[in-house]
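Enquirer: First the structure, then my questions, so here it is.
The values are calculated or read from the model by the stated rules, or taken from the named source; none is laboratory data. All values reported here derive from a predicted model rather than from experimental measurement. We place every Cβ from the backbone using ideal geometry, glycine too, and count neighbours over all the protein chains shown.
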Amino acid sequence: MKFYNITRALRSRLHSSWMLTALIFSLLLPVLLAIGLYLKSAPLLHDQHLFTLLFSKSWKPLSGHFGMYPFIISSLWVTVIALILAGPVCLLSAIHLTQYARPIVLKIMHPVIDILAGIPSVIFGVWGILVIVPFVGNYIGPLLGKHITGYSIFSGGMVLAVMIIPFILNILIEVFRTIPEELTEVTLSLGATRWMVVKHVLLKKAFPGIISAFSLGLSRAFGETIAVLMVVGNVTRIPTGALQPGYPLPALIANNYGEMLSIPRYDSALMFAALVLLVIVILFNIISRYMIHRVEKNI
């Protein structure tokens, strides 16, 4: 019996050790990525001021100018448009599937959502070229009095919105399903309508989870590369409207990485772009966690 207890204690300690190791590695991974990118971009940071790199409008690698400002603004434009388009669709769909639709509908939709999430991004890019770009160029542009090709930030935002819908929708469905049914049943028994329950009980209780879902979709959208690269236009300038072409940070890295060895400091500039991308995504997540903390304190 004593030997059995010793063996059980050793097994428990062993399992705790490797699980703790896995946890520490998961926590250190973003730090290791940031350190690696900083070391690769250090030569450029030693030559040029950080403020100049972040806020300069000039991107002329042959002349040694590596201003990231146009790419940062383009990334923000595309990401915000995608979230504006996808957010209401995901929220209303999740409410309908969990509160109004029959359970069989949710069972059918779950594999459909999973299939949509598993489609390669290049397919979304091809779909964007064949459908979204002509639609924006032939209909949206003339409707607003503009003659454009269709390769624009708005096209990138539309493609990106379709791509992030399954990720946000899956999380929202699980968030709404974790809310106890007793809360809705008690409110309904008091004479409230289903919409009143959704508005005053469900959304209030699920608000931290909604913020988490949107922040995850925001991070997913900000780092997307291939699909956006194929439809956004890839023009190095600061966009002032959604129908203008742009050049997001992920597209910059994907398009130019093969040419980096022929131009001095090109390698460091692209690694710095990746570092900026990582820092912005981390900041998004920190802000969302702070918002969730504040909301949970007030509930």
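Enquirer: Please state which one of LEU261, LEU203 is of a type in the set (A, V, I, L, M), at pLDDT 85 or above, part of a helix (DSSP H, G or I) and more than 21 Å from the chain's Cα centre (by Cα).
Expert: Only one candidate passes the filter, namely LEU203.
Enquirer: Among the residues in the stretch 232-241, are any basic (Lys, Arg), within 26 Å of PRO88 (Cβ to Cβ) and touching a residue at least 40 places away in the same chain (Cβ under 8 Å)?
Expert: So far as the stretch 232-241 goes, no, none of its residues is basic (Lys, Arg), within 26 Å of PRO88 (Cβ to Cβ) and touching a residue at least 40 places away in the same chain (Cβ under 8 Å).
Enquirer: Identify, from the list LEU23, LEU83, LEU10, the residue that is modelled with pLDDT under 85 and closer than 29 Å to PHE167 by Cβ.
Expert: Being modelled with pLDDT under 85 and closer than 29 Å to PHE167 by Cβ holds for just one of LEU23, LEU83, LEU10, which is LEU23.
Enquirer: Output the qualifying pairs, or none if there are none: Cβ atoms under 8 angstrom, residues six or more apart or on different chains, first residue in the stretch 21-46 and at negative phi, second residue part of a helix (DSSP H, G or I) and among the charged types (D, E, K, R).
Expert: LYS40/ASP267
Enquirer: So, of the residues in the stretch 54-97 that are part of a loop (DSSP other than H, G, I, E, B) and among the hydroxyl-bearing types (Ser, Thr, Tyr), which turns out to be nearest to VAL197 (Cα to Cα)?
Expert: Out of the qualifying residues, it is SER56.
Enquirer: Going through the stretch 221-240 one residue at a time, which ones are small (Gly, Ala, Ser) and within 13 Å of TYR151 (Cα to Cα)?
Expert: The answer is ALA227, GLY233.
Enquirer: Only one of (1) of a type in the set (Val, Ile, Thr); (2) within 23 Å of SER58 (Cβ to Cβ); (3) in contact (Cβ under 8 Å) with a residue 24 or more places away in the chain fails for ILE282. Which number is that?
Expert: Every listed condition holds for ILE282 apart from (2).
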